[in-house]
Amino acid sequence: MESIDLASTTTRDLNARLQSEADGSNAAFEVLHPGGRHALACGLTAPIAVTLRGHVGYYCAGMNQNATVTVHGNAGVGVAENMMSGLVRVMGDASQSAGASGHGGLLVIEGSASARCGISMKGIDIVVKGSVGHNSAFMAQAGHLVICGDAEDGLGDSIYEAVIYVSGETGKLGADCEEQPMTADDRQTLTELLARSGIEADPATFRRYGSARSLYNFKIDNLGSY
């Protein structure tokens, strides 16, 4: 494992080194003293493993493809933003907009996430061991958000076809989000997501939430609400 110390290396040089790895390299890197810096381990396209030993700032592991990025600490705004594939794991808590606009891959947050977790998600799978803040999965289009704890108000506001599983309590649901029947296929999907994330939780305790599809079409009777 190659070790890179950010006490003596710039963020630009770190990302250039990580991005220089060719596809199929399977190299491993350890990043020391991240010190809350922003945009660490961004734009990675090769199946490399990056371990960050400490807290990170905004947009860590943004635009990730194929890489496995592990944060041994907390993450700032937008961790794994616009993620395409691979695995991003935060061992602590995540700030706002975790996994925003993610198209694929798996984001695991072993603590809790703040507001708008999974905002505008487009195929990413997100598993949160703790709870999430308000307006999580806002305008979520595709993918799965698994919440092992509680969810604050506005969950799934203006949701499209993403699916949310919640084990704990929910506040007031967002517009067009509703509780829906938990099918056998849902149980299987949830069981697989929990297994992939390495988080232990009983699938039988979860409830499913999705779109009521009442916002899909313009209704003249609701003109005053638009």
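With respect to residue 61, is the statement that it is buried (at least 19 other Cβ atoms within 10 Å of the Cβ) and under 30 Å from residue 214 (Cβ atoms) true?
Here the answer is no, as residue 61 does not meet what is asked.
Taking residue 83 as the residue in question, decide whether it is within 10 Å of the chain's Cα centre (by Cα), more than 28 Å from residue 205 (Cα to Cα) and assigned to a loop (DSSP other than H, G, I, E, B).
Taking the combined requirement at face value, the residue satisfies it.
Hey, among the residues in region 16-59 that are under 25 Å from residue 117 (Cα atoms) and among the polar types (S, T, N, Q), which one's modelled with the highest pLDDT?
Result: 51.
Please work out which one of (1) touching a residue at least 24 places away in the same chain (Cβ under 8 Å); (2) buried (at least 23 other Cβ atoms within 10 Å of the Cβ) is the condition residue 66 fails and give its number.
(2)
Could you list all residues from region 1-26 that are crowded, with 16+ Cβ neighbours inside 10 Å and part of a loop (DSSP other than H, G, I, E, B)?
Passing the criteria: 6, 21.
List pairs: first residue in region 92-108 and more than 16 Å from residue 71 (Cα to Cα) and without any contact (Cβ under 8 Å) to a residue 24 or more places away in the chain, second residue of a type in the set (Lys, Arg) and assigned to a loop (DSSP other than H, G, I, E, B) anywhere in the structure, Cβ distance under 6 angstrom, at least six positions apart or on different chains.
97/116
Just to verify a result, which residue in region 181-205, among those that are closer than 17 Å to residue 124 by Cα and in contact with a helix residue (DSSP H, G or I) (Cβ under 6 Å, 6 or more places away or on another chain), is surrounded by the most Cβ atoms within 10 Å (Cβ to Cβ)?
Checking each candidate, the answer is 190.
Is it the case that residue 119 is closer than 17 Å to residue 171 by Cβ and out of contact with any Leu (no Cβ under 9 Å at 6 or more places or on another chain)?
Yes; evaluated as a whole, the condition is true for this residue.
Per-residue answers, yes or no, for (1) in contact (Cβ under 8 Å) with a residue 40 or more places away in the chain; (2) under 20 Å from residue 101 (Cβ atoms):
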{"site": "143", "(1), (2)": "yes, yes"}
{"site": "174", "(1), (2)": "no, yes"}
{"site": "193", "(1), (2)": "yes, yes"}
{"site": "200", "(1), (2)": "no, no"}
{"site": "205", "(1), (2)": "no, no"}
{"site": "213", "(1), (2)": "no, no"}
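Please go through region 114-124 and give me each residue that is under 24 Å from residue 53 (Cα atoms) and within 9 Å of the chain's Cα centre (by Cα), ordered by number.
117
What number of residues within region 141-155 satisfy the criterion of being within 16 Å of residue 190 (Cβ to Cβ) and buried (at least 21 other Cβ atoms within 10 Å of the Cβ)?
Matching residues across region 141-155 total 7.
Do you know which of the residues in region 27-45 that are part of a loop (DSSP other than H, G, I, E, B) and over 20 Å from the mean Cα position of the chain (by Cα) is surrounded by the most Cβ atoms within 10 Å (Cβ to Cβ)?
Step by step, filter region 27-45, then rank; the result is 34.
When the residues of region 74-98 are narrowed to those that are more than 20 Å from residue 37 (Cβ to Cβ) and not polar (S, T, N, Q), which ends up surrounded by the fewest Cβ atoms within 10 Å (Cβ to Cβ)?
My answer is 84.
For residue 178, which of the numbered conditions (1) surrounded by fewer than 19 Cβ atoms within 10 Å (Cβ to Cβ); (2) in contact (Cβ under 8 Å) with a residue 40 or more places away in the chain fails to hold?
Failed condition: (2).
The values are calculated or read from the model by the stated rules, or taken from the named source; none is laboratory data. Treat the numbers as computed from the prediction; the structure is a model and nothing was measured. Positions of Cβ are generated from backbone atoms using ideal geometry, with glycine treated the same way; all protein chains shown enter the neighbour counts.
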